Amino acid sequence: MRRELIQGVGRHSRRGPAPSAPGTGQAEPDEAGREAARPVAGTGRRRRQEGPTPFAGAPEVRGGHPEQREPGGGWGAGPMRAPVGSGVKAPASGARPGAPRPPHHQQQATGARPLIPGPRREFVEAFDGPPAPPAPPRPEPVADDPYRSVTDRDPREPESRRDEEAAPARGGKGRTLTGIAAAAVTAVLAVAVAGQVAHDSASGTGAARAAGVDRDDADDASRSDSRTTPSPGAAAVKPLTYEQKMAKPYPLSPALTGSGEFETVPGSARAPGKGTLHRYRIDVEKGLGLDAQLFAQAVQKTLNDDRSWAHDGDMTFERISEGDPDFVITLASPGTTGKWCAKSGLDTMEDNVSCDSAATERVMINAYRWAQGSATFGPDKLFSYRQMLINHEVGHRLGHNHESCRTEGTLAPVMQQQTKTLDLDGIKCRPNPWVHPVAE
């Protein structure tokens, strides 16, 4: 009797049925020879290991890692749907296909596929919402938009931005709201920058203030100001008239000595009168840089003027460029003029004047005096001085000598040396270019 009680205590103190023999699936008989009860399907969790935990206060572990206990696991639990005609029972409702297989001890003995975990419900609800509608396309900027550089979209977008546009539904509501907020902020910044630029452009004073320059509003240039656009014809410079050219000085050094080589001004000008004919030629020293045609025109006009030697038709002058002239009116540098005047015993270098080289065919006109004039006439009477210069030197060729002024304040005679002075023997006269000036 005592032995039976001891055996009963031992049987009830056992922690569970005897383990089944490996590979048979049948429970081994206990010490009394009775077959132990068949174990029921478990929950898929292993028994806790007995004994102390690795660290004080830490939860018990399985497999060496802290045990995570969540209802249904990260993906819940549910059976796998078996294919039609496979002979396997359908899984319970709520299971989702594609889930991992359960542990071996949870598989049914009938051969059906094991229960597998499915996604948690809160995860499914987060992705089951309707996809967000794509953002409307932005209008293309106007070609003449002055602020296009401010509002244009950068073509080099980040990869994340292009991915969101390629799959708008994947972003969900949160990404849609974020995109709308970013677009709104960009639009506000673009409007603010464009308004500031327009304000600075309209005021027209920002650059002036930055540079420290004060400008009046009346002087500000504006595209809206009414102004006349000059035509191409008006913008072109009008050619100077003969009178304007004759009154204009030209640069030339008083110490210049040219090449000494001359060239004849081409062309001719017929004598306009019926008096005594005098033919002449115009030579100009090379390299002077003066207008040879203007000089030739001035000689012809001056000599045939009624106030000149052609007065009352006594004589007339004709310019030729070929044949034998009566004399050659020559425009030369001061140095060359001095050389040719010296051939006739005249010194022109001291006062830098012109001469009639009577021993030669040349009537020498000093190019410096032609270009700059003289102090006796002044800059405002350069035209008159050039006329006097021609009449005076040709007068010598015609046989006239120097004369002097006899009455104070009257016009000086054309044969007076007016380049040097207008005051002779205490009598001061006024400059005069003509042989027969008009009575005043």
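The values are calculated or read from the model by the stated rules, or taken from the named source; none is laboratory data. Only a predicted model underlies this, so the values are computations on that prediction, with no experimental measurement involved. Glycine also receives a Cβ, built like all others from the backbone with ideal geometry; neighbour counts cover every protein chain displayed. These area figures cover heavy atoms from the full protein model, side chains too; ligands, DNA and RNA do not enter into them. Shrake-Rupley method; radii C 1.70, N 1.55, O 1.52, S 1.80 Å.
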Hey, with R₀ at 45 Å, roughly what FRET efficiency would D324 and L424 work out to, going by the Cβ-Cβ distance, to 0.05? 0.70
Tell me the accessible surface of W434 in square angstrom (1.4 angstrom probe, heavy atoms of protein chains only), to the nearest ten. 20
Listed highest first by mean packing, meaning other Cβ atoms within 10 Å per residue, what order do 366-375, 349-358 come in? 366-375, 349-358
Ranked packing of 318-327, 399-408, most packed first, by mean Cβ within 10 Å: 318-327, 399-408
Local electrostatic count, L382, Cβ distance below 13 Å [Lys/Arg +1, Asp/Glu -1]: +3
Under the 7 Å Cα-to-Cβ spin-label approximation, S344 and E403 lie apart by a distance in nanometres of 1.9
So, R0 is 60 Å and r is the distance between the beta-carbons of T257 and A190; what FRET efficiency does that work out to, to 0.05? 0.25
Counted charge near T360, where neighbours are those whose Cβ lies closer than 15 Å (Asp, Glu -1; Lys, Arg +1): -2
